[in-house]
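Participant: Pasting a structure here, questions to come.
What follows draws every value from the coordinates through simple rules; no lab data is involved. Since this is a predicted model, take the numbers as computed values, not measurements. Here the Cβ positions follow ideal geometry from the backbone for every residue, glycine too, while neighbour counts run over all protein chains shown.
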Amino acid sequence: MKVKMKELEKMKYDAGEYDIAVVGAGHAGCEAALAAARMGMKTLLFSISLEAVANMPCNPHIGGSSKGHLVREIDCLGGEMGKNIDKTFVQMRMLNTSKGPAVYSLRAQADRKKYQMEMKHTLERQPNL
């Protein structure tokens, strides 16, 4: 099939100009987009669905021995995961209490829908995003 230049011109689409585009609105994508927007960059965040923003598909928790450490580091840099789980958790538990304080680990179970909606609202309220 041969396409003429005039036909291509009609099909042209301009989505605007952005400093950065983030593909995927999972935890990492949301944090990356928020960080870029807060640094003053005009940011575009792609997601398959607005209902899939910050989706927690399996076990809806934040924390634990490894992820908990990462969430605290992100929190120190102004991230939203920790703030969001504080607003939406349904149960919080200290893990590894029988092993001593060096390996204690806090884990929070989230209400999946509330967590998604809260993160979506955070993204929608962010200037430059």
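Participant: Can you give me the number of residues within region 93-118 that are among the aliphatic types (A, V, I, L, M) and under 15 Å from residue 71 (Cα atoms)?
Facilitator: Our first condition is that a residue be among the aliphatic types (A, V, I, L, M); within region 93-118, this holds for 94-95, 102-103, 106, 108, 110, 117.
Narrowing further to those that are under 15 Å from residue 71 (Cα atoms): 106, 108, 110.
Result for region 93-118: 3.
Participant: Surrounded by fewer than 14 Cβ atoms within 10 Å (Cβ to Cβ), over 18 Å from residue 84 (Cβ atoms), out of contact with any Cys (no Cβ under 7 Å at 6 or more places or on another chain) and touching a residue at least 24 places away in the same chain (Cβ under 8 Å), is that true of residue 9? It would help to see each step written out before you state the result.
Facilitator: Working: surrounded by fewer than 14 Cβ atoms within 10 Å (Cβ to Cβ): yes; over 18 Å from residue 84 (Cβ atoms): yes; out of contact with any Cys (no Cβ under 7 Å at 6 or more places or on another chain): yes; touching a residue at least 24 places away in the same chain (Cβ under 8 Å): no.
Against the criterion (surrounded by fewer than 14 Cβ atoms within 10 Å (Cβ to Cβ), over 18 Å from residue 84 (Cβ atoms), out of contact with any Cys (no Cβ under 7 Å at 6 or more places or on another chain) and touching a residue at least 24 places away in the same chain (Cβ under 8 Å)), residue 9 does not qualify.
Participant: Of all residues in region 54-82, count the ones that are part of a loop (DSSP other than H, G, I, E, B), buried (at least 17 other Cβ atoms within 10 Å of the Cβ) and aliphatic (A, V, I, L, M).
Facilitator: Quick first cut of region 54-82, residues part of a loop (DSSP other than H, G, I, E, B) only: 54-60, 64-66, 77-80.
Now drop any that are not buried (at least 17 other Cβ atoms within 10 Å of the Cβ), which leaves 54-56, 60, 64, 79-80.
Applying the additional criterion that residues be aliphatic (A, V, I, L, M) yields 54, 56.
So the answer is 2.
Participant: For region 89-111, does any single residue satisfy the condition of being surrounded by 15 or more Cβ atoms within 10 Å (Cβ to Cβ), closer than 26 Å to residue 41 by Cβ and out of contact with any Phe, Trp or Tyr (no Cβ under 7 Å at 6 or more places or on another chain)?
Facilitator: no
Participant: Identify all residues within region 86-129 that are under 18 Å from residue 63 (Cβ atoms), among the hydrophobic types (A, V, I, L, M, F, W, C), within 21 Å of the chain's Cα centre (by Cα) and in a helix (DSSP H, G or I); write none if there are none.
Facilitator: 119
Participant: Evaluate the following for residue 51: is it loosely packed, with under 11 Cβ neighbours inside 10 Å, part of a helix (DSSP H, G or I) and either free of Cβ contacts under 8 Å to residues at least 40 places away in the same chain or not small (Gly, Ala, Ser) (or both)?
Facilitator: On the way: loosely packed, with under 11 Cβ neighbours inside 10 Å: no; part of a helix (DSSP H, G or I): yes; either free of Cβ contacts under 8 Å to residues at least 40 places away in the same chain or not small (Gly, Ala, Ser) (or both): yes.
Spelling it out, it is not the case that residue 51 is loosely packed, with under 11 Cβ neighbours inside 10 Å, part of a helix (DSSP H, G or I) and either free of Cβ contacts under 8 Å to residues at least 40 places away in the same chain or not small (Gly, Ala, Ser) (or both).
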